[in-house]
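Since the structure comes first, as structure tokens, the remarks are kept for the end.
The values are calculated or read from the model by the stated rules, or taken from the named source; none is laboratory data. Just so it is clear, the model here is predicted, and its values are computed rather than measured. When we count neighbours, we look across all protein chains shown, and the Cβ atoms used for this are built from the backbone with ideal geometry, even at glycine. Heavy atoms of the whole protein, side chains included, go into the accessibility calculation; ligands, DNA and RNA do not. Shrake-Rupley method; radii C 1.70, N 1.55, O 1.52, S 1.80 Å.
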Amino acid sequence: MAALPASITALISALGKLPGVGPRSAERIALHLVQSDSAAVRQLADAMLQAREKIRFCDVCGALTEQSPCSICADARRDASLVCVVERAVDILSIEKSGAYRGKFHVLGGKISPLDGVEPEDLRIAELEKRLAREPIKEVVIALGTDVEGDATSHYLARRLARPGLKISRIAYGLPAGSGLEFADELTLSRALEGRREMN
Ligand SMILES: [Zn+2]
């Protein structure tokens, strides 16, 4: 079998590094691109670059946004007494899709995992403490996954954030065990939010 030209091999290898793209898909996309209209490929490359250059993290909540504070942080109609703590910026999208939540968010940026070298100071916990001091927050709703790190991080947060007058709750189980929010459908997520339980 004749080897593919080096530029195609390089493209396949770059595409294969994307999440969810296996070797076969990478090859299919690469072969599609090199046979596509050059203007269409340029448009795709431009869209990727533009998105990358415009998107940043919200200084307040850590969401992906084009301007900081993001539209959720800046929205005065949202309930500022509620803050939902999620692992990653994309988890905000899952919760927003459920339509069951009208408060604000805080992205931790990961879960505590000593084996992977992730300690509490690597997460945006100090930023959350600053928000607790500055914003009229009455309840922190912890919405981390139900795996071991999610459990450990939730309990750590409940202890560290505990202060008079602040309720700390965790969304109810019923989420797929050992998984993240992205695997929960909208109904499950909205029930999990409504059924959240106070931690102590
Ligand atoms: Zn924000």
* Asked: Once you list every other residue whose beta carbon is under 12 Å from the beta carbon of THR146, what net charge do they have if Lys and Arg are +1 and Asp and Glu are -1?
  -> -2
* To do: Just flag the trypsin sites (Lys or Arg not before Pro) in region 1-61 sitting in loop per DSSP whose Cβ has no more than 14 other Cβ atoms within 10 Å.
  => LYS17
* To do: Please give the net charge around LYS167, taking every other residue with its beta carbon less than 9 angstrom from that of LYS167, where Lys and Arg add +1 and Asp and Glu add -1.
  => -1
* Prolate/oblate/rounded label for region 1-57 (Cα gyration tensor, a/c 1.5) -> oblate
* Under 5 Å, built H, 5+ apart or other chain: amide partners of VAL118 -> SER113
* Asked: About its Cα centre, what dipole magnitude does region 72-200 give when the only charges are +1 on Lys and Arg Cβ and -1 on Asp and Glu Cβ, stated in debye to the nearest 20?
  -> 660 debye
* **Share of carbon and sulfur in the accessible heavy-atom surface of region 45-108 [1.4 Å probe, %]** => 54 percent
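Could you compute the net charge surrounding LEU11? Neighbours are other residues with a C-beta less than 15 Å from the C-beta of LEU11; K and R count +1, D and E count -1.
Every neighbour counted, the sum reads +3.
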* To do: Please report the relative contact order for region 74-200, taking Cα pairs under 8 Å with a sequence separation of at least 6, and give it as a percent rounded to a whole number.
  => 28 percent
* Along the charge dipole of region 1-77, which of MET48, ALA3, ALA63 sits closest to the positive end, that is, farthest toward it, with unit charges on the beta carbon of Lys, Arg, Asp and Glu (+1, +1, -1, -1)? -> ALA3
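Hey, what number do you get for the chain at 222 nm if only DSSP H runs of n ≥ 4 count, each worth -39500 (n - 2.57), divided across all residues, to the nearest 500?
-13000 deg cm²/dmol
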* Find the accessible area per residue for the chain; the probe is 1.4 Å, ligands and nucleic acids are left out, and the unit is Å². => 60 Å²
* Asked: Put +1 on the Cβ of each Lys and Arg and -1 on the Cβ of each Asp and Glu in region 1-123; which of VAL83, LEU31, PRO120 then has its Cα farthest toward the positive end of the dipole?
  -> LEU31
